[in-house]
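Okay, so here's the structure we're looking at.
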Number of protein chains: 2
Amino acid sequence: MYEELRSELKKRKRRITAQREMILKIFLESKGRHLGVEEVCRELLNRNIRISKATVYRAVELLVDLGFLRRLNFGDGIYRYEIVDRSEVESHQHVICRVCGKIKEINSEMVKKIVSEISEKTGYIIENHDLKFYGLCPDCKRRLSGG
Amino acid sequence: MYEELRSELKKRKRRITAQREMILKIFLESKGRHLGVEEVCRELLNRNIRISKATVYRAVELLVDLGFLRRLNFGDGIYRYEIVDRSEVESHQHVICRVCGKIKEINSEMVKKIVSEISEKTGYIIENHDLKFYGLCPDCKRRLSGG
DNA sequence: CTACTTGCAAATGCTTTGCAAAATT
DNA sequence: AATTTTGCAAAGCATTTGCAAGTAG
């Protein structure tokens with residue numbers, strides 16, 4: 001993935017820097033997590049690396065542009081990012097527990113159907129989607145009903 | 001709807017005020033639109049009513065709590081709100097044009113199926129969802145390909 | 001009269017930006 | 001050497017909050 005980052009940067013005449021590679025590394029090593037800028041900085045500090053917040057903001061924006069990250073918005077006022085897995089054929093959706101905030105990723109078989117239904121009904125070309133489901137995770141369900 | 005607002009406010013021992021009713025009125029008269037706080041203030045000013053932004057923020061939060069409004073997040077850093085139509089049996093989804101920003105509401109028949117699929121697969125109790133589809137609307141499609 | 005609500009201005013919190021110093025090409 | 005990137009501090013912007021004055025019950 002680092003090689004791909006380097007070649008993308010070259011293609012766009014942007015520079016290869018240690019900061020950009022480290023930030024991508026954090027995401028590669030945190031698969032399945034959804035990190036905000038603050039958390040990226042914390043992960044970096046855990047590895048004894050200090051990169052300024054401004055640089056992290058600029059790097060994640062660039063990484064989204066280059067297609068390495070996807071920007072997520074769970075409605076808590078913080079933009080979070082996740083790595084885009086290029087081997088992933090299907091998209092995934094997020095299921096979020098309203099009590100503990102835990103996020104599960106799933107892969108519904110129905111999504112392709114829904115997308116073609118919508119594009120037929122509306123005439124839009126659907127390029128992208130953002131599907132979130134909110135509710136109670138099994139643990140919180142148990143905790144709340146069990147006592 | 002105003003009567004329902006009054007009775008909900010009474011039930012929760014919150015006060016009935018002209019500001020709260022006016023803000024609800026704006027939404028009732030803007031069905032199908034997705035207003036942010038700034039736009040609500042502008043609509044009020046169009047009617048020669050001045051309500052402070054702080055009050056609008058507090059009112060929409062209350063109206064969401066009471067179930068009259070739904071908070072939306074289209075990822076542009078602004079919370080928008082839409083009226084909750086209680087006669088509406090089905091939920092609706094938003095289809096957003098990435099060029100002109102136009103938002104179409106649709107009602108997919110597949111949503112119920114996807115929700116039950118997800119709740120089976122994950123064990124979550126799904127209470128709510130937020131489904132957005134991004135792409136090109138027919139107009140922008142024509143404009144972009146046609147020249 | 002009491003408690004809630006409003007409006008203002010200030011504060012907050014995330015994100016962006018200007019600029020000089022540092023790093024890449 | 002030229003140009004981009006970084007880090008810092010300041011600015012920006014939507015939203016929230018403290019508080020005195022106003023209003024509903």
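Every number here is computed from the coordinates shown, using simple stated rules; none is lab data. Not measured: the values here are computed from a predicted model. So basically every Cβ, Gly included, is an ideal-geometry build from the backbone, and we count neighbours across all protein chains shown.
Observations, loosely collected:
- Sum of side-chain charges, residue A:36 neighbourhood, beta-carbon under 14 Å (Lys, Arg +1; Asp, Glu -1): 0
- With a threshold of 24 Å on the Cα-Cα distance, the over-threshold entries among B:25/B:53; A:31/A:104; A:113/B:141; B:13/B:112 are B:13/B:112.
- When the Cα positions of A:116, A:87, A:35 are compared along the charge dipole of chain A, A:35 comes out farthest toward the positive end, with charges on each C-beta of Lys, Arg, Asp and Glu.
- Cut-off under 5 Å, modelled amide H: who pairs with residue A:69 long-range: A:64, A:84
- For region B:74-80, 3J(HN,Hα) per residue [Karplus equation, 6.51 cos²θ - 1.76 cosθ + 1.60, θ = phi - 60°, Hz, x = Gly/Pro]: 9, x, 9, x, 10, 7, 10
- Taking the longest Cα principal axis of chain B as reference, the axis of helix B:111-122 is set at about 80 degrees.
- Rotationally averaged projected area of region A:1-113 (alpha carbon convex hull; nm²): 8.3
- Simple point charges give the picture: +1 on the Cβ of Lys and Arg, -1 on the Cβ of Asp and Glu, and for region B:28-147 a dipole about the Cα centre of about 540 debye.
- Considering only B:128, A:101, A:16, and ranking their Cα positions along the charge dipole of the protein assembly as shown that arises from unit charges at the beta-carbon of Lys, Arg, Asp and Glu, the one farthest toward the positive end is A:16.
- On Cα atoms only, tilt of B:18-28 relative to the major axis of chain B in degrees: 20
- Exam field: residue B:88 pseudo-label spacings to other copies (7 Å along Cα-Cβ), nanometres: 2.9
- Put a plus charge on the Cβ of each Lys and Arg, a minus charge on the Cβ of each Asp and Glu, and nothing anywhere else: the dipole of the protein assembly as shown about its Cα centre is then about 980 debye.
- Along chain B, the exposed loop sites are GluC sites (Glu not before Pro) outside DSSP states H, G, I, E and B with at most 15 other Cβ atoms within 10 Å, and the longest stretch free of them is B:30-87.
- What separates the residue B:18 label point from its copies, with the point 7 Å along Cα to Cβ, is 6.5 nm, written shortest first.
- Per-residue Karplus couplings for region A:40-51, computed as 6.51 cos²θ - 1.76 cosθ + 1.60 with θ equal to phi - 60°, are listed in order as 4, 4, 5, 4, 5, 5, 4, 9, 6, 10, 10, 10 Hz, Gly and Pro entered as x.
- By the helix-only formula, in which each DSSP H run with n ≥ 4 contributes -39500 (n - 2.57) and the sum is divided by residues, the protein assembly as shown has a 222 nm mean residue ellipticity of -13500 deg cm²/dmol.
- 0 to 90° range, to nearest 10: angle between helix A:2-11 axis and chain A longest Cα axis: 70
- Positive-end residue of B:60, B:75, B:145, charge dipole of chain B with Cβ unit charges: B:60
- Ranked from shortest, the separations from the 7 Å Cα-to-Cβ label point of residue A:64 to its equivalents in the other copies are 2.0 nm.
- Overall, region A:1-75 carries a charge dipole of about 280 debye about its Cα centre when +1 sits on the Cβ of Lys and Arg and -1 on the Cβ of Asp and Glu, all other atoms neutral.
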